[in-house]
Structure formats: structure tokens, C-alpha cells
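The values are calculated or read from the model by the stated rules, or taken from the named source; none is laboratory data. Since the structure is predicted, the reported quantities are computational estimates derived from the model, not experimental observations. As a convention, Cβ positions derive from the backbone with ideal geometry for all residues, glycine included, and neighbour counts pool all protein chains shown.
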Amino acid sequence: MVIVWIVAILAAIGSALEVFSVIGGRVLLAFGGAEPRLPLTAMPQIVEATLREGTTGYLVDAPFWLRVLGATPAMLYILIALVAALLITRVLRGIAASQPFSSKVRRSLTVLSLVFIIGGVLYGVLDTIAGRTIFEVSSIFGQGDQFPLGADYAGLAVDLPRWPFFMIITGVVSLALSAAFKAGARLEEEADGVV
């Protein structure tokens with residue numbers, strides 16, 4: 001259980017740092033006079049952002065709502081990691097108490113499966129929406145003197161949406177494991193009736 005929580009907390013901290021840097025547009029700590037502002041490519045959906053010669057631009061210059069949208073998948077990931085750790089802990093406690101087929105363990109496994117499957121699909125959808133929105137906003141380039149991403153970018157490349165297939169597959173495997181535990185509970189009940 002300790003290992004589960006260590007992994008979940010480290011995953012949540014990593015995603016929280018990503019959320020902070022994307023929304024804030026800055027690094028958490030900058031030492032020795034280093035530039036605290038991050039480039040636009042620090043947004044996870046952007047692969048390349050080439051500034052026009054002689055111009056400067058940073059992630060913090062992009063609209064706040066766009067930075068929040070870009071950080072929503074990471075926010076969701078924090079929630080998924082912590083809820084999954086809680087549910088796995090409940091399952092492990094039930095198994096440790098020699099009650100692997102109890103309704104509490106089976107219910108926790110089922111909910112864990114749904115968290116992984118629905119959370120994974122929602123993560124992919126949010127990242128797809130963020131990438132598409134960034135692409136749409138960036139297509140306003142060249143229309144007047146407005147810079148929709150906060151600076152004069154000569155070129156921009158948006159990454160393909162990130163879909164956490166491993167998380168979704170883990171949810172499907174967990175759902176199959178939940179069905180196996182349900183069958184085990186049925187066998188246990190039948191065995192209790194045999195003298």
C-alpha cells in the first residue's frame with residue numbers, strides 16, 4: 001500500500017508541476033538570473049513554435065483561458081492518480097484481511113476499472129479539444145496586427161492528441177479481474193453450503 005501511495009503522489013506532483021508551469025507560464029524556481037518565463041512549446045499540445053525574426057514571446061503571453069485548457073488533461077490525471085490509489089488501497093486491505101471476494105473489494109475493483117476507462121477516455125478527449133482549439137486560435141495568424149498566442153509566431157506545430165491507452169487497457173483488465181472476483185465470491189458462497 002505504501003508503494004501504491006508513493007507512486008500516486010509522485011504522479012500527482014509531476015502533473016501538478018505541469019499544471020503550474022502551463023497555467024503560470026513560468027518555471028517554479030529560476031536560479032542565477034535564468035529566464036523564468038517558459039517558451040510556448042512548454043504547453044504539452046505544442047511541438048514547435050517558431051518566432052518571427054526579431055520578436056520575443058513566451059507561454060505567459062498566450063491567453064489565460066488557453067493555458068488553462070492546455071493544462072486540463074494534467075489536472076484530470078492528478079484526480080485519477082489519487083482516486084486510483086484510494087481504490088487500490090481498499091482492495092489490498094480487503095485481500096490482506098482474507099476477504100478478497102467481499103462486496104467491498106469487488107465494488108472497489110469495478111469502480112477502479114471505470115475510473116481508468118472513463119478517466120482515460122476523458123483525458124484523451126480533453127487533450128484533443130485543447131490541441132484543436134490551439135490550432136484554431138493559431139490559424140488567425142496574418143489577420144491584422146493581432147497575435148492570438150501573444151507573440152508573432154512564424155510557424156506553429158500542434159502535437160497529435162495524447163490518449164492514455166495503457167490506462168484504458170488497465171481499466172479493461174481490472175474489469176475482467178472484477179468479474180473473476182465476482183465468480184470467486186459465487187464459488188465461495190456455494191462452498192459454504194457444502195458440508
field: Residues located in the range 28-67, provided they are in contact with a helix residue (DSSP H, G or I) (Cβ under 9 Å, 6 or more places away or on another chain), aliphatic (A, V, I, L, M) and surrounded by 11 or more Cβ atoms within 10 Å (Cβ to Cβ)
entry: Leu38, Leu40, Ala42, Met43, Ile46, Val47, Ala49, Leu51, Leu59, Val60, Ala62, Leu66
field: Criterion: in contact with a helix residue (DSSP H, G or I) (Cβ under 6 Å, 6 or more places away or on another chain), at pLDDT below 90 and surrounded by fewer than 18 Cβ atoms within 10 Å (Cβ to Cβ) - qualifying residue of Ser102, Ser139
entry: Ser102
field: Residue that is nearest to Ile23 (Cα to Cα), among those in the range 149-187 that are of a type in the set (Lys, Arg) and surrounded by 13 or more Cβ atoms within 10 Å (Cβ to Cβ)
entry: Arg162
field: Residues of the range 68-99 satisfying the condition of being basic (Lys, Arg) and buried (at least 16 other Cβ atoms within 10 Å of the Cβ)
entry: Arg90
message: Being on the phi < 0 side of the Ramachandran plot, under 22 Å from the mean Cα position of the chain (by Cα) and surrounded by 13 or more Cβ atoms within 10 Å (Cβ to Cβ) is the requirement here; does Ile9 meet it?
response: yes
task: Six or more apart or on different chains, Cβ under 8 Å: which pairs go from a residue in the range 83-110 that's under 22 Å from Leu187 (Cα atoms) to one that's of a type outside the set (A, V, I, L, M, F, W, C) and not in a helix (DSSP H, G or I)? Could you list them?
output: Gly94/Pro100; Gly94/Ser102; Val105/Gln99
Single unsatisfied condition, Gly57 versus (1) out of contact with any Leu (no Cβ under 8 Å at 6 or more places or on another chain); (2) not in a helix (DSSP H, G or I): (1)
